[in-house]
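Reading through the structure tokens given below for one structure.
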Amino acid sequence: MRIILTGSNGFLGSSLFKLLDRDHEIIHINRANFKNFRGICIDLDLANEQLVDQAISLGVIPNADVLINLASRTANSINQNDLSVLFDNVTIAKTVSRIVLHSKVEKLINISSMSVYPNVDGEYTEESMIDPSKNSDCIYGLSKFSMEVLFDFFLKNENIMISHLRVAMLDGEGLRSDRLMAVLEREMYETKSIKIFGNGERVINFISVKRASEIIMLFVLGNYKGVFNIGDECMSLESIAKRIASLKKEVNIIKLNNGNKSKFKLNFEKLKVEVMNKNINCNLCRSYDVKEILAKGLTTIWTNSTGFENSKKHNCLLYQCLSCGHVFQPLTAELEHSLSIIYSSDQHSLSTLPGVGNWGLVMGNWNIDFLDKLDYSSISSACEIGCGNDFYLQHLKDKGIADLFGIDPSFKEDFVSNGIYLKGGFVNSEMKLNKVFDLIYSMNVFEHIENLDEVFVFINNHLCDNGKLFFCVPNCYTQLSIGDPALFIHEHINYFTENVLINLLNRNNFDIVRVDSTSDTYYITAQKTLNPINNNKYTVPDFVYNQKLEFKLRTIVSNCEGKRILFHGVCNSLNNILNWIHIENNFLLADNDETKQGKIFFGKVVNEPNEALLNEIDVVYILPLAYSDKIIEQYVNLGFIGELNVV
């Protein structure tokens, strides 16, 4: 897609360009400074009608599919009462409209501002009254609304899709030093204190620049028109100060009574309903009452193998169902296609296969400890869904279970190995094995499956009366609660918590026999029944994962500046971190997994932790949360005296 981007050298424009540049041809229209942007760069003052008309007549500006307008004259303490701000922005609306018509643009996305609303107590939707006269930046707010009106007027008889995005206060890396968030953070580092006016009561509506860019991308790819409020959080100034203060120890927050105490709240419901949640429903209970809790741009699919960087990139989205509490990733057709290729290849496992190498053996034996809690004396036959290899099936054979069956989509054909029948394919309601089992089990598979109802039809069809179901899945409750970057992985559709699992089993005619949980895994034993008992009454948790994740990522960026970094754990968490934030390329990698040591990931050789390596390091970031205590002990025993952080 060819996209004209005006004002791409600004804070939001620079961030947006990084997303657009991956898959689209960009035409920049700016005044002079292009920051080494790729694409066609046109030096043009859009507030000068004569120059714009000249550029159009000379054919300097090519045709495009979309125009994103970020060009406007901003207000500051010096010019906020200067009418030239209004006049220039009105002119920009006029000249950009001419470019839209000349370049045969089909979609105009105009970046407006919440400054069009009065900054007084109240909640403001897109239908609320426009009245910037109450604001110190009145002329700027009026100019932004005037641009909206003029775009609609100049292009009213054209078949052009127009959307006006009224963006909240922006935050993020690279923020101008005179902006609120930057001022508070700078004051904290310089004085170990933060002064907040109005007793910290003022409500701030804001959104990270990366998040805003990702939302704009949805408008680029979708078909939405009209006015939309764009934001992410509404917080009191005191809450913001406390969040910033948590970056550093012993920060004093000083509340001053004088100053703005307005409780202005921007309503984002239209954005959520018409754009974010459109056609998205819970894949367990089918409710459309969902909320977005993660939205990240194009990210490489992690496959736990060298060369994974060549995998196709997809967006990272998570939603929470407000009816049943389930957290899930909506599965697009493009992602489903990419995953089907991965699952049918030798890259089908996200971690080292059980029994392979030192780490695979540790992990496999750990799972076996929980599998062995089953009463094998009542089991003569078993079927494993998603067996990957036959490690667990061989263990059951050693336990005296003779009738064993394994299913996995990576098998190219059906075959028998050491007396165990192995079948290729995806488990669904159509698969018929013409036999039943005493036990059906699965290790870390259910999180990958969008339609679990189909799988439970298979399970019920192939499990004998009163038969046992055993499975393990990631325990996502802690990760969701703390904003752990390891949570998201493209291959995982479902992000389970214990209460959701219990309800899922009850709904599919299973009683819970046993639930064992570790910091990262649930081990569930259930029994098939006609009348399941459901005493599971619980309140749906309100996860604010995205906000906590952003805080954690920002802390990592801040702590990495000017330091020699070692990341321990070559895993999906590291993949997410390196895709979602910018870290200088001077970091090193280490892992205890022998199958990864010496291999290249992220352009780096993976090291075994040792004293010589640690002499080059100031900070170690430990990524495997579940094993962090043991890894910390390992580094202490190696004599490391630097900073140890668990992500």
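Please tell me the relative contact order of the chain in percent, rounded to the nearest whole number, where contacts are Cα pairs under 8 Å and at least six residues apart. It comes to 8 percent, rounded to a whole number. Full extension of the chain between Glu608 and Glu274 yields a length gain of 115.3 nm, computed as 0.36 nm times the residue separation minus the alpha carbon distance. Of the GluC sites (Glu not before Pro) found in the range 183-281, those in coil by DSSP whose Cβ has at most 14 other Cβ atoms within 10 Å are Glu250.
Thr518 label point, 7 Å along Cα→Cβ, cut-off 20 Å on backbone N: hits in the range 395-416? Hits in the range 395-416 for Thr518 at 20 Å: 395-396. Probing with 1.4 Å while keeping every protein chain in the model, the per residue accessible area of the chain equals 44 Å².
Helix-only estimate, please: 222 nm mean residue ellipticity of the chain, summing -39500 (n - 2.57) across DSSP H runs of length 4 or more and dividing by its residues, to the nearest 500.
Estimated from H runs of four or more residues: -9000 deg cm²/dmol.
Sparsely packed loop sites in the range 182-213 (the trypsin sites (Lys or Arg not before Pro) outside DSSP H, G, I, E and B with at most 13 other Cβ atoms within 10 Å) comprise Lys192.
Rolling a 1.4 angstrom probe over the chain with all protein chains present gives an accessible area of which 49% lies on carbon and sulfur atoms. As a calculated quantity, the FRET efficiency between Tyr538 and Thr191 at R0 = 51 Å, using C-beta atoms, amounts to about 0.65.
Once both labels are positioned 7 Å from their Cα atoms along Cα-to-Cβ, the gap between Ala402 and Thr332 label points is 5.3 nm. Within the straight-line cut-off of under 17 Å between alpha carbons, the aspartates and glutamates reachable from Lys596 are Glu309, Asp346, Glu608, sequence neighbours fewer than 8 places apart in one chain being disregarded. For Leu614, the accessible area of its heavy atoms, probed at 1.4 Å with every protein chain present, is near 10 square angstrom.
Can you put Ser323, Ser628 in order of accessible area, largest first, using a 1.4 Å probe?
Numbers: Ser323 70, Ser628 10 Å².
The ordering from most to least exposed comes out as Ser323, Ser628.
Once backbone amide H atoms are built at 1.01 Å from N, Cys476 has Phe496 as its partners under 5 Å, excluding neighbours fewer than 5 places away on the same chain. Close Lys pairs in the range 338-487 (alpha-carbon distance under 13 Å; sequence gap of 8 or more, or different chains): 4.
Size of the range 585-647 from its Cα atoms: along the principal axes, largest to smallest, the extents are 26, 25, 19 Å. For Ser378 and Asn645, a Förster radius of 56 Å and the Cβ-Cβ distance give a FRET efficiency of 0.75, rounded to the nearest 0.05. For Asp465 and Ser287, a Förster radius of 30 Å and the Cβ-Cβ distance give a FRET efficiency of 0.40, rounded to the nearest 0.05.
Take every Cα pair under 8 Å in the range 559-626 that's 6+ residues apart, average their separations, divide by the length, and report that relative contact order as a whole percent. Relative contact order of the range 559-626: 44 percent.
With loop membership from DSSP and a limit of 15 other Cβ atoms within 10 Å, the longest segment of the chain without chymotrypsin sites (Phe, Trp or Tyr not before Pro) is 35-287. The amide H of Ser8, built 1.01 Å from its N in the peptide plane, has Ile29 as neighbours under 5 Å, considering only residues 5 or more places off or on other chains.
Of the trypsin sites (Lys or Arg not before Pro) found in the range 382-412, the ones in coil according to DSSP and having at most 16 other Cβ atoms within 10 Å of their Cβ are Lys399, Lys412. In order along the range 394-403, the phi-based Karplus estimate (6.51 cos²θ - 1.76 cosθ + 1.60, θ = phi - 60°) of 3J(HN,Hα) comes to 5, 5, 5, 4, 5, 7, x, 8, 8, 8 Hz; Gly and Pro are listed as x. 3J(HN,Hα) along the range 164-172: 10, 9, 8, 8, 6, 4, 8, 9, x Hz, from the Karplus curve 6.51 cos²θ - 1.76 cosθ + 1.60 with θ = phi - 60°, whole Hz, x for Gly and Pro.
Straight-line reach from Lys261: which aspartates and glutamates have a Cα under 18 Å away, not including same-chain ones fewer than 8 places off? The reachable aspartates and glutamates, counting only those whose Cα sits under 18 Å from Lys261, are Asp121, Glu123, Asp137, Glu201, Glu233, Glu238. Shown in residue order for the range 312-329 are the 3J(HN,Hα) couplings computed by the Karplus curve 6.51 cos²θ - 1.76 cosθ + 1.60 at θ = phi - 60°: 5, 9, 9, 5, 10, 10, 9, 10, 10, 6, 7, 8, 10, x, 5, 10, 8, 9 Hz (x for Gly and Pro).
Counting heavy atoms of the protein chains alone, Val416 has an accessible area of about 100 Å² for a 1.4 Å probe. Based on C-alpha pairs under 8 angstrom that are at least 6 apart in sequence, the range 64-137 has a relative contact order of 38 percent. Judged by a Cβ-Cβ distance under 4.7 Å, the unpaired cysteines of the chain are Cys41, Cys138, Cys234, Cys316, Cys383, Cys387, Cys464, Cys472, Cys476, Cys560, Cys571. A probe of 1.4 angstrom, applied to the heavy atoms of all protein chains, finds Asp438 with accessible area near 40 square angstrom. Taking amide hydrogens as placed 1.01 Å from N in the peptide plane, the amide H of Leu294 sits under 5 Å from those of Leu318, each at least 5 positions away in sequence or on another chain.
The values are calculated or read from the model by the stated rules, or taken from the named source; none is laboratory data. In this text, all values refer to a predicted model and were calculated from it rather than measured experimentally. Glycine gets a Cβ as well: all are built from the backbone with ideal geometry, and neighbour counts include every protein chain shown. Note: accessible area is taken over every heavy atom of the protein model, side chains too, but ligands, DNA and RNA are not part of it. Shrake-Rupley method; radii C 1.70, N 1.55, O 1.52, S 1.80 Å.
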